[in-house]
Structure formats: C-alpha cells, structure tokens
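K.L.:
Take a look at the following structure, please.
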Amino acid sequence: MPATGQHRNDETPTAPTQTATQRTVRIPGSTDHAGHHLITVTLRWVCPHCGGPRGPVHPVISYDGSRRLSCDGWTNPCGHIDYYRTVRAEVPPTTETF
C-alpha cells in the first residue's frame, strides 16, 4: 500500500521568522566612544552589500584611539565588512525624549 502524505507538513520547510532574520547586538554608540558609549540595536541579519547572511556574533574590543570598549562583533562570510558607523546608520532614529 502506498504511503500517505499525512506527514507532509513536517517535511515542508517554513519561511524564516522575523527573529531568525534579526539579531540584537551591542555596538559603540559613536566613533569617539571614550570607552563608555555602548548601545543595543536590533538589525536585519543580512549583509547590506550583497544580501548574504552576517556572521556569528562574538565579543570584541572597539578601540577609539584613546579608550577600549567591550562590544559585539561579527565577520560576514561574504567578506564584506560592517563598520559600526554604517551599522548605526541602519538603525532608525528613536523618538525618546529625555
């Protein structure tokens, strides 16, 4: 007797979820962070140059010329470099008031 397709849904890949295509990372909030200005941002986890995936997140040190800041970094498998200044530009401005 032929097999039925009752498990077909289990075999069909699902579309990526929003959380699968985004990551929240900690990056320097400015080029001259003085070792203190860390921000947390949520990014689309694709290379802005070619659309390939960004690499795995790992701890790194950002050095602004005077002070060090522990933050997140990654290396894109495609070879394109994500500079923090361009990554900050990907994040929409907040509407917070102080």
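The values are calculated or read from the model by the stated rules, or taken from the named source; none is laboratory data. Since this is a predicted model, take the numbers as computed values, not measurements. Note that we place each Cβ from the backbone using ideal geometry, even for glycine, and neighbour counts take in every protein chain shown.
K.L.:
Within the stretch 76-95, track down each residue that is out of contact with any strand residue (DSSP E or B) (no Cβ under 7 Å at 6 or more places or on another chain), more than 16 Å from Val25 (Cβ to Cβ) and surrounded by 11 or more Cβ atoms within 10 Å (Cβ to Cβ).
P.N.:
Matches in the stretch 76-95: Cys78, His80.
K.L.:
Inside the stretch 28-55, can you point out the residues that are in a loop (DSSP other than H, G, I, E, B) and over 13 Å from the mean Cα position of the chain (by Cα)? Break it down stepwise before answering.
P.N.:
Pass one, the stretch 28-55, residues in a loop (DSSP other than H, G, I, E, B): 29-37, 45, 47-52, 54-55.
Residues satisfying the conditions are Gly29, Ser30, Thr31, Asp32, His33, Ala34, Gly35, His36, His37, His49, Cys50.
K.L.:
Determine if the stretch 56-69 includes at least one residue that is part of a loop (DSSP other than H, G, I, E, B), without any contact (Cβ under 8 Å) to a residue 60 or more places away in the chain and in contact with a strand residue (DSSP E or B) (Cβ under 7 Å, 6 or more places away or on another chain). It would help to see each step written out before you state the result.
P.N.:
Taking the stretch 56-69 and keeping what is part of a loop (DSSP other than H, G, I, E, B), we get 56-57, 64-67.
Now narrow it down to the ones that are without any contact (Cβ under 8 Å) to a residue 60 or more places away in the chain: 56-57, 64-67.
Cutting the leftovers down to in contact with a strand residue (DSSP E or B) (Cβ under 7 Å, 6 or more places away or on another chain) gives us 57.
Among the residues of the stretch 56-69, at least one is part of a loop (DSSP other than H, G, I, E, B), without any contact (Cβ under 8 Å) to a residue 60 or more places away in the chain and in contact with a strand residue (DSSP E or B) (Cβ under 7 Å, 6 or more places away or on another chain), which makes the answer yes.
K.L.:
Consider only pairs whose beta carbons are under 8 Å apart and that are at least six residues apart or on different chains; among these, list those whose first residue lies in the stretch 18-37 and is modelled with pLDDT of 85 or more and whose second residue is in a loop (DSSP other than H, G, I, E, B) and among the β-branched types (Val, Ile, Thr).
P.N.:
That search, which allows pairs on different chains as well, returns Arg23/Val57; Val25/Val57.
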